[in-house]
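Student: Below is the structure I would like to discuss, written out as structure tokens.
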């Protein structure tokens, strides 16, 4: 919807000085900074020095982005697209010009690409469609969109275990500290998805209270052009050149991420009964919300057995986190009962000292 936050051409910087800032990437960075600040305050409260936490937070950013990107490439159904981008980009699906006329030169495709339409810069002389340029490193360019949350979550938890073990810091205590920031950062990350147009929803009625539309050239628009051409053409003839109305799954995901953060930080934190309870509760709440929202998404993200990849990953996370949470609460209840018995037990009188003769 607004993929570019800043373009240096807006202030006259072009040529070798030209650069852009993707809204998606800046949203991720805003989420990281906010998450690191919130969790950093909690880390210092439990005795972790600021420098140690800063080092850990930077590693979390690197490992989280890498894990999210790798999982996206491998399991979201885009692996062969990245292979074709490196070997022969004409093997991908071509995109038509906005005027729906066959292209005659690369300049026509490039002009619309520079205008913000995700169409590609190469014109195929046979079918008159535009294709992306060859790019063997496209799979690494996470800032353009394409991160899978569960990949980042699992990789960060695994890295955190070894990191804290190496530095003799309680793993269970620190994952709770990091858990607050995780969902706060996800709140911003999903706002970046709105700007990039990824993770979009399925079609809904135009009169639906939550219906949202994306501009021409956006990822949802291109998908509707390929899959719902007749409906999109009818809408065009009515004067509306945006995508078809869809569910705002990115905004819904951002909202429930912020709701989970609020619940964990302001309600559960002062009532925590054992270390690890924060992250386990957050994982369960997120797993339930993520499993549900996938039924309203329409972007291509892989899957099996009629379920999306994230739904398949949610199931073992829900079962595992639920089991550990129940055990943790049970043990906490037993400890509280024992402590109550000790406090309630009458103290035995101390033996009197023998009198000296």
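Student: So, in the stretch 140-164, how many residues would count as being in a loop (DSSP other than H, G, I, E, B) and free of Cβ contacts under 8 Å to residues at least 24 places away in the same chain?
Tutor: Narrowing the stretch 140-164 to residues in a loop (DSSP other than H, G, I, E, B): 141, 145-148.
Still in the running and free of Cβ contacts under 8 Å to residues at least 24 places away in the same chain: 141.
Summing the residues that are in a loop (DSSP other than H, G, I, E, B) and free of Cβ contacts under 8 Å to residues at least 24 places away in the same chain in the stretch 140-164 gives 1.
Student: Got a sec? Which helices (runs of 4 or more DSSP H) wholly within the stretch 41-139 have at least 1 residues that are touching a helix residue (DSSP H, G or I) at 6+ places or on another chain (Cβ under 6 Å)?
Tutor: On the way: elements: 50-75, 79-87, 106-114.
Per the criteria, 50-75, 79-87.
Student: Looking only at the stretch 232-251, which residues are more than 22 Å from residue 4 (Cα to Cα) and out of contact with any strand residue (DSSP E or B) (no Cβ under 8 Å at 6 or more places or on another chain)?
Tutor: 232, 233, 234, 235, 236, 237, 238, 239, 240, listed by residue number.
Student: It is to be established whether one or more residues within the stretch 239-249 are without any contact (Cβ under 8 Å) to a residue 60 or more places away in the chain, more than 30 Å from residue 284 (Cβ to Cβ), part of a helix (DSSP H, G or I) and outside the structural domain of residue 298 (by TED's automatic domain parsing).
Tutor: No, because not a single residue in the stretch 239-249 is without any contact (Cβ under 8 Å) to a residue 60 or more places away in the chain, more than 30 Å from residue 284 (Cβ to Cβ), part of a helix (DSSP H, G or I) and outside the structural domain of residue 298 (by TED's automatic domain parsing).
Yes or no, residue by residue, for (1) in the same structural domain as residue 232 (by TED's automatic domain parsing); (2) under 27 Å from residue 308 (Cα atoms); (3) over 25 Å from the mean Cα position of the chain (by Cα):
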site	(1), (2), (3)
59	no, no, no
64	no, yes, no
69	no, yes, no
75	no, yes, no
81	no, yes, no
100	no, no, yes
103	no, no, yes
109	no, no, yes
119	no, yes, no
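Student: Do you know which residues across the stretch 165-219 are assigned to a loop (DSSP other than H, G, I, E, B) and closer than 22 Å to residue 285 by Cα?
Tutor: Looking only at the stretch 165-219, we keep the residues that are assigned to a loop (DSSP other than H, G, I, E, B), and these are 167-170, 197-200, 202, 204-211, 213-218.
199, 200 - these are the residues of the stretch 165-219 that are assigned to a loop (DSSP other than H, G, I, E, B) and closer than 22 Å to residue 285 by Cα.
The values are calculated or read from the model by the stated rules, or taken from the named source; none is laboratory data. On a predicted model such as this, the values are computed, not experimentally measured, just so you know. Note: ideal-geometry Cβ built from the backbone for every residue, glycine included; neighbour counts use all protein chains shown.
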